[in-house]
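Here is the structure we will look at.
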Amino acid sequence: MMRNTNVVFCSALEQLKKEHIPLTKQMEEFYELTQEIENDGAAANIENIMNELHEKIKAFVSELEPHSEREEGVLFPMMVPYIGRESGPIAVMEYEHDEAKKQLKHFLAQMEKAERALTMKKAKELANFASQAYLILSEHFMKEENVLFPLANRLLSIEEKEELQSKINAI
């Protein structure tokens, strides 16, 4: 799925879209490390690479949280009166948020418990959690940019768009 660059969004939706750019860059950086681990390219240096992956994931999660809160805590609830929450785009977006966060949480929790010298098998298992989060969120960002944000741009009134901006700025 390609990114839709032709739609002109209100400032709040444009802000959310622009937040995807550095998040995607961070994801690509940690995904590269996961691929190195999963393809056995890291065997000689596994401890350093896993530590680097751990640091990148922690940094990513700290950047993802406020972005996620702006969507889950503000945008999604504002769209519910128009499209509901039980099925459709909001249900899909919330599910994907939950799944990606679950993968990242598993990675971080397991890294905290891992012994100093990780086996290659354990490193691959942990890297897979990060890989899954990357795959979920890469597709997720494109769905937001190509489906959810254009829908919100059409459905929300000018006043609601101003309220959206105000509320996301407060986070």
query = Hey, how much of the P(r) for segment 11-169 falls beyond 23 Å, as a percent of Cα pairs?
reply = 42
key: Inter-site label distance for residue 109 and residue 28 at 7 Å from Cα along Cβ, in nm   = 3.2
inquiry  = Taking θ = phi - 60°, what integer Hz values does the Karplus form 6.51 cos²θ - 1.76 cosθ + 1.60 yield along segment 153-169, in sequence order, with x for Gly and Pro?
reply    = 4, 6, 7, 6, 6, 4, 5, 5, 5, 5, 5, 4, 4, 4, 5, 6, 5
inquiry  = Just to confirm my numbers, what's the Cα centroid distance between segment 25-64 and segment 141-160 in Å?
reply    = 32
remark   = Summing -39500 (n - 2.57) over every DSSP H run of at least 4 in the chain, dividing by its residue total and rounding to the nearest 500, the 222 nm mean residue ellipticity is -25500 deg cm²/dmol
inquiry  = Let me spell out the model: positive unit charges on the Cβ of Lys and Arg, negative unit charges on the Cβ of Asp and Glu, origin at the Cα centre of segment 11-169. What dipole size does that give, in debye rounded to 20?
reply    = 220
request  = Grab the Cα-Cα distance for residue 146 and residue 39, subtract it from 0.36 nm times how many residues apart they are, and report the gain in nm with one decimal.
outcome  = 35.3 nm
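In the chain, once you exclude exposed GluC sites (Glu not before Pro) (DSSP loop, at most 11 other Cβ within 10 angstrom), what's the longest stretch remaining?
Counting only loop sites that pass the neighbour cut-off, the longest clear stretch is 1-85.
Any read-out appearing in this document is the output of simple, stated calculations on the displayed coordinates, not a laboratory observation. Owing to the predicted nature of the structure, the values given are computational and were not obtained by experimental measurement. We place every Cβ from the backbone using ideal geometry, glycine too, and count neighbours over all the protein chains shown.
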